1. Using a 1.4 Å probe over the heavy atoms of the protein chains, calculate the carbon and sulfur portion of the accessible area of segment 75-214 as a whole percent.
2. Given H placed 1.01 Å from N in the peptide plane, which residues other than close sequence neighbours of V164 have an amide H under 5 Å from its amide H?
3. Tell me what the chain gives for mean residue ellipticity at 222 nm when only DSSP H runs of n ≥ 4 count, each as -39,500 (n - 2.57), the sum divided by the residue total, rounded to 500 deg cm²/dmol.
4. At a Cα cut-off below 18 Å, give the lysines reachable from K185, other chains included and same-chain residues fewer than 8 away excluded.
5. Return the sequence-ordered ³J(HN,Hα) values of segment 29-35 in whole Hz as given by the Karplus equation 6.51 cos²θ - 1.76 cosθ + 1.60 applied to θ = phi - 60°, using x for Gly and Pro.
6. If you take the square roots of the eigenvalues of the alpha-carbon gyration tensor of the chain and sort them as a ≥ b ≥ c, do you get rounded (a/c under 1.5), prolate (a/b over b/c) or oblate?
7. Using a ≥ b ≥ c from the Cα gyration tensor of segment 149-190 (square roots of the eigenvalues), is it rounded, prolate or oblate, where a/c under 1.5 gives rounded and otherwise the larger of a/b and b/c decides, a/b for prolate?
8. If you keep only loop residues by DSSP, which chymotrypsin sites (Phe, Trp or Tyr not before Pro) in segment 10-55 have at most 12 other Cβ atoms within 10 Å of their Cβ?
Amino acid sequence: MKENKLINSYENYLKIEKQKKINIRLWQIFIVLFLLIMWELLARYGVIDVFLFSKPSDIAILFKEYLIQGKIFTHIGISLWETILGFTIGTILGVFIAILLWFSKTVARIFDPFLVVLNALPKTALAPILIIWAGAGIKGIVVIAITISLVGTILSAYNYFLNVDEEKIKMLESFGASKGQILRKLILPSNIGNIINIIKINIGMSWVGVIVGEFLVSRYGIGYLIVYGGQVFRLDLVMMGVVVLAICALIMYEILNTIEKIYRKKRNE
């Protein structure tokens with residue numbers, strides 16, 4: 001009887017949690033739709049200036065035009081490729097450097113002030129210099145994306161590595177485990193979730209780098225659409241670029257979120 005009650009209570013708990021998730025999603029959809037409808041109505045009735053703010057219907061018409069012509073796929077594809085390269089290289093390189101710092105406390109202490117200063121620098125302000133050093137085109141844009149995410153990745157990953165339970169490390173050391181074995185068997189496995197969180201943050205950071213780079217040198221990409229729309233005073237083009245950018249970033253984030261859920265589910269099993 002007690003087992004049946006426990007099973008029923010657990011099933012009820014799962015149903016309640018599932019319903020909560022559905023309700024949250026419905027509220028999110030409602031808020032987006034409400035904002036779009038209000039934006040459209042305010043623009044139609046002249047409460048806000050259409051020239052400055054555009055309106056959803058004009059953005060949808062423009063998007064349909066770009067979709068039919070196939071132009072939008074070129075711009076999205078280039079920006080996505082640059083972003084994927086940027087956050088992949090930035091994350092892998094950042095985690096690798098964090099591992100090197102974890103291996104040697106002396107090296108970590110030497111480079112700590114430099115990393116803090118680099119992290120405090122406004123990377124977007126350095127973008128023109130990075131473009132000159134790396135060259136125009138995809139190479140320069142990817143370098144900007146890497147630079148923006150790299151230092152933050154190093155600092156975050158290194159701090160995560162340091163926060164692993166000292167007792168567990170001492171236990172492995174008492175069994176004669178080497179530093180490399182401790183890294184492989186304890187440090188990295190216990191920080192997979194944290195590394196996934198770093199990747200999530202790096203998605204946004206890399207998009208910032210890519211858009212800034214496209215503002216400066218690119219003839220294609222979402223950033224180019226936004227800056228070109230501003231130059232020719234076409235706010236519908238600017239807003240379309242912003243909406244497409246938001247959707248792309250959201251899709252990438254949701255993919256990683258799904259991967260994280262699968263990982264956590266398997267880990268609990």
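The values are calculated or read from the model by the stated rules, or taken from the named source; none is laboratory data. What you see is a predicted model, and the numbers here were worked out from it, not measured in a lab. Cβ coordinates were reconstructed from backbone atoms using ideal geometry, including for glycine residues, and neighbour counts include every protein chain displayed. Just so you know, the surface numbers come from the protein's heavy atoms only, side chains and all, with ligands and any DNA or RNA stripped out. Shrake-Rupley method; radii C 1.70, N 1.55, O 1.52, S 1.80 Å.
1. Details: 5040 of 7110 Å².
Here carbon and sulfur together make up 71 percent of the probe-accessible area.
2. Placed amide hydrogens put nothing under 5 Å from V164.
3. Values: 12 runs with 225 residues, N = 269.
Using -39500 (n - 2.57) per qualifying helix, the result is -28500 deg cm²/dmol.
4. Here the lysines satisfying the reach criterion relative to K185 are K168, K170, K266.
5. Per residue, the Karplus-derived 3J(HN,Hα) values read 4, 4, 4, 4, 4, 4, 5 Hz.
6. Values: a/c = 2.88, a/b = 1.28, b/c = 2.24.
Judged from the Cα gyration tensor, the chain comes out oblate (a/c at least 1.5, b/c at or above a/b).
7. Details: a/c = 3.31, a/b = 2.29, b/c = 1.44.
Here segment 149-190 falls in the prolate category.
8. Y45
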